[in-house]
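What follows is one structure encoded as structure tokens, with my remarks underneath.
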Amino acid sequence: FTPVSPTHSFNYIYLNCRGRGPVSTMRSKLKTLGLQTNHLLDIYYPDNKIVGILVHDDYASTVYKILDSYDIEVNMDFDLSSPSILKDPKFTSLSDEEKTLKLDEITDCNNQSSHQP
């Protein structure tokens, strides 16, 4: 048993990647780098050539150090609310502002569904 961490927040770390592949493959690659996969709470592909890794703030500094040791750059410029990541053809006629609102709606729905029992 370990004491409860005083921080209770989690953040995604975004990395560039060649393309989308099975999450299990990405998890294996990250394990090969030395990351403890039990600390990688979620792995997903929010856009083409981008992978998002959800980690607890207490583990984030370790992730950054390991990535840095392999010269893997964190994509600090990736913006999940950027209209450019909404690629569904049915939304092409929307303005950038409408696309941003749609992304917010999708993100809210995903967050709510992931917290359902």
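The values are calculated or read from the model by the stated rules, or taken from the named source; none is laboratory data. A quick note: this is a predicted structure, and the numbers were derived from the prediction, not measured. Neighbour counts are summed over all protein chains in view; Cβ atoms, including those assigned to glycine, are modelled from backbone coordinates with ideal geometry. These area figures cover heavy atoms from the full protein model, side chains too; ligands, DNA and RNA do not enter into them. Shrake-Rupley method; radii C 1.70, N 1.55, O 1.52, S 1.80 Å.
Which lysines have a Cα lying under 18 Å from the Cα of Lys29, excluding residues fewer than 8 positions away in the same chain?
Lys49, Lys65
Taking the solvent-accessible surface of protein heavy atoms with a 1.4 Å probe, what is the per residue accessible area of region 1-77 in Å²? Intermediate values should be presented prior to the final figure.
Numbers: 5250 Å² over 77 residues.
Dividing the accessible area of region 1-77 by its residue count gives 68 Å².
Would you please give the residues with an amide H less than 5 Å from that of Ile72, counting only those at least 5 places away or on a separate chain, with H modeled from the backbone geometry?
Amide H to amide H, under 5 Å and 5 or more residues apart or across chains, Ile72 pairs with nothing.
Determine the share of the chain's accessible area contributed by carbon and sulfur atoms, expressed in whole percent, with a 1.4 angstrom probe.
52
Using a cut-off of under 14 Å, list every residue of region 57-91 whose amide N is near the label point 7 Å from the Cα of Glu105 along the Cα-to-beta-carbon line.
88, 90-91
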